[in-house]
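Trainee: Take a look at the following structure, please.
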Amino acid sequence: MEEKTTVVTEKKVPETLPYVKPKKTHGAVGSKAVNRIITVLLVLGCLTIFFPLYMTVIIAFKQPSEMTNDVAGALALPESWSLDNFAEAMRVTDFWHSLGNSFLLTGVTVVICILLHSLAGYLIGRKMNRHKIFKASYYYVVSGMFVPFAVLMMPLVKQTAQLGIANRFGVIVLYVVFFMPMNIMLYAGYLKNIPTALEEAACVDGASAWQTYWRVIFPNMKPMHATVAVLTAMSTWNDVMTPLVIMSGTDQNTLPLAQLNFQTQFGTNYNLAFASYLLALLPILIFYIICQKQIINGVVNGAVK
Amino acid sequence: MEKTKKKAKNSWSKNDKIFLGILIPILVLFFCFNTLPLIRGFYYGLTNFRGYGDYDFVGLRNFQDLFSDVRVGKSYMFTFKYAIVMTIVVNLISLILALGLNRSIRGKNVLRGIYFVPNILGGLVVGYIFSFIFTYILPTIGEMTGIGFLQNSMLASTKTAWIAIVIVGAWQGIAMNTIIYISGLQTVPEEVYEACMLDGASGWKKFSKITFPLIMPFVTINLVLCMKNALMVFDQIMSLTNGGPAQSTESISYLIYNNGMDGGQFGFQSANAFVFFIVIVIISFLQMKFLGGKEEQL
Amino acid sequence: MKRKFRKGIAFIMAVIMALSVCLTGCGDEDVTADGKVIIELVQYKPEAVDIFEELEAKFNATHDDIELRIDSPNDAMTILKTRFIREDNPDIIGIGGDINYSNFLDADMFMDISDFDGLADIKENYLQINKDLEYVPQEGVYACPYMSNAAGVLYNKDMFEEHGWEIPTTWSEFTALCEEIEAAGIQPLYFGFLDSWTTLAPWNAIAVNLCESDITYQVNAGDATFSEAYREVAIMEKELLQYAQPNPVAYGYNDACTAFARGESAMYVIGNYAISQIKSVNPDMNIDSFVFPANENAEDNILNSGNDLMFCIMEDCEYKEEAYEVLRFLLEDENVQLYIEDQSAVPCKKGDFELPSELDGMSYYIENGIIADYQDHHYPSEMSVDAMIQTYLIDESSDALETFLTRFDTEWVRYNRDIIQKVQEYEESLEN
């Protein structure tokens, strides 16, 4: 039923909406000489990342008996490039199952965050300077960002248990709330550079505020959606604490939770752990690269003055 | 644009009411899972609750203790020192990175991908690799080159351990701020540059007069976010120093978590967390007020 | 227009509701569909997950009326605490005999199991250790000790044999040995004090020899001070530093294990819990151990050993008899031996068990019960005694010792206020 209404409303939108063609911008148009210097600097900067990454990769391939404390030994290549560590790490973490859970949690969280937070950011951002209550809401939500998680943890454990959502759903609800302040800040900040003329034009054409938002503003915030998606996904993907305390005892593991298996009080299997971290890194890296393209290519604003 | 807004101030248009109507359920959700538990946390701050079992109401004792506790005082000093240095370092580097990565350069997407990696490497990996670098590699380099201050592990001295944490924190944190700056740079229309190219402005002048003021909202966001993340530093400390050496790198979050959750000081640390929350809110609002005044709109 | 907005909200809500239905998992139950009583055991040693799974399967194969479910989660303490908050207690928990036990007990979370017949087979020392962990003496028994661990000095057996070094039995023999090892061009000791908890390993091993086991209770009752009790301990631990690698605060536990495994040091002051990490680096290493010789009289030496794993039945467990049955099963000689072999552990049960060969040098003390509990099991973790010791060890000023001891006494009062009050009330009630 709900779906029908959305379809109907979409049809009603007049064709005359000010459709804005995507247009490429480069934040700066610099001279070629400057670009070369910058390229060199950026590549040099990469070395600070390559070196630790190199160590991570070789440790992921080594056996515990190859671990030493001397520099030369630690930087040496592994004796054999066997994928055993990766296979074993996948077994220990119940990889596909944990990965599925991580995907589910991250995916659903990101989608809800984009839909809900962009809307909230828009509502607040557009009316902030008109009515105090919107401004107050903005500061209220943003201040929620500064609550240390440790103080919320126990009450949230109790609350989610009482509501019967001490499960994956509860974790998603908590994520949606945790990331709300940051995302609203980002959306509201981005809106400052989207001219109100866009909506006003749509309004004149008879579109409702609801339609205007989804048809005009929402697509216009595409780079910010991609940014929010990356930041939210990154934090969700790596988060240990929330699923640990909320979902304990449900047999559902996320990847970071399963990775705790490698660490016990008196011993850590770094080789398996590093292999597992490298495996967990890939999906989010790919997601990031896809989103990056959206951030850069999705720019449509600035065309209307 | 500004004028139309002012004209309609105080009067509630139909549109305004609709906006508020949609906003309220979202705020209610936020209240339930953020403010409500915070209020419960505050209540625990008034008790000697251990996190389980029975507890007594102790009034404001925890809050009084807080102001006489040397360890808490030291952790505030450390946290602020760390946060200020981090905020400056991270924002400077990530702004430069963002400007660089936003240009038309070769292999841009690969570079962007690489700069993103530190943020998603887990704490265990970062802790192990950087401990190794600080404990073995840097001292070896120090001995080979004869640079004195490198010869001792940075993590072993109370004077340098915090710098090691700043380095790792910045290494991991820069990606996030860079992403936000890059998306901020997308809001700067090309026309603005074209216009100023005609005026003959270039390089630094262009940046300081045009780009920077236009991305000011993102500078504000980044400063606030970075400051907040730095003030809540926890992961890097757990994986590098565990608060040592000689308790010189105990951050407030470290105390709240270790003593409140793992230890039996849940009530006291709830009080600590609540006070800390108020402190960060004040700092961030001052930041936003100050920076907000400098923002320019198109 | 308004209606559409409402519909929009309704849509979002509907999506959330639908998700909640999809994702809500199953609830908890006490009894299985075929009428078996479910006993849930959560134990805190994730490294022992395999052996516990084996024992679980074995139990369920031999019992028709009880279904045992053993969970060995990571970060079990956090999980247990969150489950307590949720009022979703397991039936039995397997924890260590440390301050957490004292706190849980103080919060009245455990059942008195003094009528459990299996207790008769447990060595008295380990039961007594648990009595000492009570803030104020309580009636009854609240934990059944299962496995213990032991700490002292691990040494490289091959290296010792090669050089003909003797196992020291007194403090002066120990320092003489260290000097002899140094003269042979080998590092006697290696410390990983970057991980501050490892400062407690020598601390405990020395303190069991020089302090009374109930010293914390005496201090709480106002009958003693740490300044006096710990002076010797602190001096001795600092003396060890001269036999260790330079700047031990620069290296972590893992570095120290690796260094010892690679033969970079002859000895390592740590507990048997480090053996598996050391052996992961050097599987063929020949390790043995000896009791830390902190006394000048060899007969006075005491082994540092405490309850590493013990089972407590939760106060609200409805199936006490079934829980006892689980404990009885776990305590069967055959199963104890299985566990020892898998985890290189030391049993708390009386009887003739085969101990891991790495503990040969300690077996006399283990078999004869010449043991005392880790002092740090009595320290509140939020006091961070390990960090205080680390601070003291790197403090090079002349009054470092005084600073440390004074601080120990003052902080103790600050972190144990409620407990001191409890103890003193108890003492007063005894007098009246």
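The values are calculated or read from the model by the stated rules, or taken from the named source; none is laboratory data. The structure displayed is predicted, hence computed values, not measured ones. Neighbour counts are summed over all protein chains in view; Cβ atoms, including those assigned to glycine, are modelled from backbone coordinates with ideal geometry.
Trainee: Looking at C:ALA274, C:ALA323, C:ALA259, C:ALA294, which is the one that is among the small types (Gly, Ala, Ser), closer than 30 Å to B:ALA156 by Cα, away from chain B (no Cβ under 14 Å) and not in a loop (DSSP other than H, G, I, E, B)?
Mentor: Details: C:ALA323 fails: closer than 30 Å to B:ALA156 by Cα; C:ALA259 fails: away from chain B (no Cβ under 14 Å); C:ALA294 fails: not in a loop (DSSP other than H, G, I, E, B).
Answer to the selection: C:ALA274.
Trainee: To continue, here is another question. Looking at the range C:173-205 only, could you name the residues that are within 30 Å of B:ALA161 (Cα to Cα), among the hydrophobic types (A, V, I, L, M, F, W, C) and assigned to a helix (DSSP H, G or I)?
Mentor: C:TRP197, C:LEU200, C:ALA201, C:TRP203, C:ALA205
Trainee: If the requirement is being in a loop (DSSP other than H, G, I, E, B) and touching a Phe, Trp or Tyr at 6+ places or on another chain (Cβ under 8 Å), which of these qualifies: C:VAL141, C:VAL208?
Mentor: Working: C:VAL208 fails: in a loop (DSSP other than H, G, I, E, B).
Exactly one residue qualifies, and that residue is C:VAL141.
Trainee: Tell me which residues, restricted to the range A:76-94, are assigned to a helix (DSSP H, G or I) and among the aromatic types (Phe, Trp, Tyr).
Mentor: A:PHE86
Trainee: Continuing with this model, one more query. Filter the range A:64-89 for residues that are more than 9 Å from every other protein chain (Cβ to nearest Cβ), among the polar types (S, T, N, Q) and either surrounded by fewer than 18 Cβ atoms within 10 Å (Cβ to Cβ) or at positive phi (or both) and give the result.
Mentor: Residues satisfying the conditions are A:SER80, A:SER82.
Trainee: Scanning the range C:387-412 for residues that are more than 9 Å from every other protein chain (Cβ to nearest Cβ), touching a helix residue (DSSP H, G or I) at 6+ places or on another chain (Cβ under 9 Å) and of a type in the set (D, E, K, R), which turns out surrounded by the fewest Cβ atoms within 10 Å (Cβ to Cβ)?
Mentor: C:GLU402
Trainee: Additional query: Quick check on C:ASP418: is it farther than 27 Å from C:LEU210 by Cα, assigned by TED's automatic domain parsing to the domain that holds C:CYS211, assigned to a helix (DSSP H, G or I) and not aliphatic (A, V, I, L, M)?
Mentor: In short, yes.
Trainee: In the list C:GLU332, C:GLU354, which residue meets the criterion of being over 18 Å from the mean Cα position of the chain (by Cα) and within 24 Å of C:SER114 (Cα to Cα)?
Mentor: Of the residues listed, the single one that is over 18 Å from the mean Cα position of the chain (by Cα) and within 24 Å of C:SER114 (Cα to Cα) is C:GLU332.
Trainee: Also, quick follow-up: Test each condition in (1) at pLDDT below 85; (2) more than 7 Å from chain B (Cβ to nearest Cβ); (3) under 30 Å from B:GLY51 (Cβ atoms) for A:LEU244 and report the one that comes out false.
Mentor: With (1) at pLDDT below 85; (2) more than 7 Å from chain B (Cβ to nearest Cβ); (3) under 30 Å from B:GLY51 (Cβ atoms) applied to A:LEU244, the lone miss is (1).
Trainee: Restricting attention to the range A:165-173, does a residue exist that is among the small types (Gly, Ala, Ser), assigned by TED's automatic domain parsing to the domain that holds A:ASN238 and over 22 Å from B:GLY292 (Cβ atoms)? Let's see the steps before the verdict.
Mentor: Applying the first criterion (among the small types (Gly, Ala, Ser)) to the range A:165-173 yields A:166, A:170.
Now drop any that are not assigned by TED's automatic domain parsing to the domain that holds A:ASN238, which leaves A:166, A:170.
With the extra rule that they be over 22 Å from B:GLY292 (Cβ atoms), the set shrinks to A:166, A:170.
Yes, there is a match, as at least one residue in the range A:165-173 is among the small types (Gly, Ala, Ser), assigned by TED's automatic domain parsing to the domain that holds A:ASN238 and over 22 Å from B:GLY292 (Cβ atoms).
Trainee: Which one is modelled with the highest pLDDT, of the residues in the range C:241-256 that are small (Gly, Ala, Ser) and part of a helix (DSSP H, G or I)?
Mentor: Ranking the candidates gives C:ALA256 first.
Trainee: Go through (1) surrounded by 24 or more Cβ atoms within 10 Å (Cβ to Cβ); (2) over 17 Å from the mean Cα position of the chain (by Cα); (3) in a helix (DSSP H, G or I) and name the single condition A:SER248 misses.
Mentor: (3)
Trainee: State all residues of the range B:38-60 that are facing chain C (nearest Cβ under 9 Å), surrounded by fewer than 19 Cβ atoms within 10 Å (Cβ to Cβ) and touching a Phe, Trp or Tyr at 6+ places or on another chain (Cβ under 9 Å); if no residue qualifies, say none.
Mentor: Correct list: B:GLY53, B:TYR55, B:ASP56.
Trainee: Tell me whether the range B:217-226 contains one or more residues that are touching a residue at least 12 places away in the same chain (Cβ under 8 Å), over 30 Å from B:GLY59 (Cα atoms), buried (at least 23 other Cβ atoms within 10 Å of the Cβ) and touching a Lys or Arg at 6+ places or on another chain (Cβ under 6 Å).
Mentor: Within the range B:217-226, one or more residues are touching a residue at least 12 places away in the same chain (Cβ under 8 Å), over 30 Å from B:GLY59 (Cα atoms), buried (at least 23 other Cβ atoms within 10 Å of the Cβ) and touching a Lys or Arg at 6+ places or on another chain (Cβ under 6 Å).
Trainee: Would the range C:203-215 turn up any residue that is free of Cβ contacts under 8 Å to residues at least 24 places away in the same chain, buried (at least 17 other Cβ atoms within 10 Å of the Cβ) and either in contact with a Gly (Cβ under 7 Å, 6 or more places away or on another chain) or within 27 Å of C:ARG407 (Cα to Cα) (or both)?
Mentor: no
Trainee: Here is a further query. What residue, of A:GLN259, A:GLN292, A:GLN211, is part of a helix (DSSP H, G or I), at the interface with another protein chain (Cβ under 10 Å from one of its Cβ atoms), polar (S, T, N, Q) and within 30 Å of C:CYS257 (Cβ to Cβ)? Even if it seems obvious, please write down each step before you answer.
Mentor: Values: A:GLN292 fails: within 30 Å of C:CYS257 (Cβ to Cβ); A:GLN211 fails: within 30 Å of C:CYS257 (Cβ to Cβ).
Step by step, each of A:GLN259, A:GLN292, A:GLN211 is checked, and only A:GLN259 is part of a helix (DSSP H, G or I), at the interface with another protein chain (Cβ under 10 Å from one of its Cβ atoms), polar (S, T, N, Q) and within 30 Å of C:CYS257 (Cβ to Cβ).
Trainee: Among the numbered criteria (1) buried (at least 21 other Cβ atoms within 10 Å of the Cβ); (2) part of a loop (DSSP other than H, G, I, E, B); (3) not β-branched (Val, Ile, Thr), which single criterion is violated by C:ALA224?
Mentor: (1)
Trainee: Just checking, does the range C:98-120 include any residue being surrounded by fewer than 19 Cβ atoms within 10 Å (Cβ to Cβ) and within 14 Å of chain B (Cβ to nearest Cβ)?
Mentor: yes
Trainee: Moving on. Taking A:VAL111, is it of a type outside the set (S, T, N, Q), modelled with pLDDT of 90 or more and buried (at least 21 other Cβ atoms within 10 Å of the Cβ)?
Mentor: Numbers: of a type outside the set (S, T, N, Q): yes; modelled with pLDDT of 90 or more: yes; buried (at least 21 other Cβ atoms within 10 Å of the Cβ): no.
Taking the combined requirement at face value, the residue does not satisfy it.
Trainee: Hey, could you check the range B:235-253 for residues that are of a type outside the set (S, T, N, Q), buried (at least 23 other Cβ atoms within 10 Å of the Cβ) and more than 7 Å from chain C (Cβ to nearest Cβ) and say which is farthest from B:PHE42 (Cα to Cα)?
Mentor: In this case the residue turns out to be B:LEU240.
Trainee: Also, I was wondering about something else. Return yes when A:TYR175 is within 9 Å of chain B (Cβ to nearest Cβ), among the aromatic types (Phe, Trp, Tyr) and over 30 Å from A:TYR54 (Cβ atoms) and no when it is not.
Mentor: no
Trainee: Any chance you could count how many residues in the range C:256-273 are over 18 Å from C:ASP373 (Cα atoms) and touching a Phe, Trp or Tyr at 6+ places or on another chain (Cβ under 7 Å)? Break it down stepwise before answering.
Mentor: Applying the first criterion (over 18 Å from C:ASP373 (Cα atoms)) to the range C:256-273 yields C:256-268.
Filter once more, keeping what is touching a Phe, Trp or Tyr at 6+ places or on another chain (Cβ under 7 Å): C:256, C:259-260, C:264-268.
Result for the range C:256-273: 8.
Matching residues to (1) closer than 29 Å to B:GLU250 by Cα; (2) of a type in the set (Ser, Thr, Tyr); (3) free of Cβ contacts under 8 Å to residues at least 12 places away in the same chain:
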residue: C:TYR392; (1), (2), (3): yes, yes, no
residue: C:GLU396; (1), (2), (3): yes, no, yes
residue: C:THR403; (1), (2), (3): yes, yes, yes
residue: C:ARG407; (1), (2), (3): yes, no, no
residue: C:GLU411; (1), (2), (3): yes, no, no
residue: C:ILE419; (1), (2), (3): yes, no, no
residue: C:LYS422; (1), (2), (3): no, no, no
residue: C:TYR426; (1), (2), (3): no, yes, no
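Trainee: Next question, about the same structure. Tell me, which residue of the range A:215-241 that is more than 12 Å from chain B (Cβ to nearest Cβ) and of a type outside the set (Val, Ile, Thr) is farthest from the chain's Cα centre (by Cα)?
Mentor: A:ARG215
Trainee: For the structure I just gave you, tell me whether C:GLY152 is surrounded by 15 or more Cβ atoms within 10 Å (Cβ to Cβ) and within 21 Å of C:LEU241 (Cβ to Cβ).
Mentor: yes
Okay, residues lined up against (1) in contact with a helix residue (DSSP H, G or I) (Cβ under 6 Å, 6 or more places away or on another chain); (2) within 20 Å of B:PRO37 (Cβ to Cβ); (3) of a type in the set (S, T, N, Q):
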| residue | (1), (2), (3) |
| --- | --- |
| A:SER143 | yes, yes, yes |
| A:GLY170 | yes, yes, no |
| A:TYR175 | yes, yes, no |
| A:TYR187 | yes, no, no |
| A:LYS192 | yes, no, no |
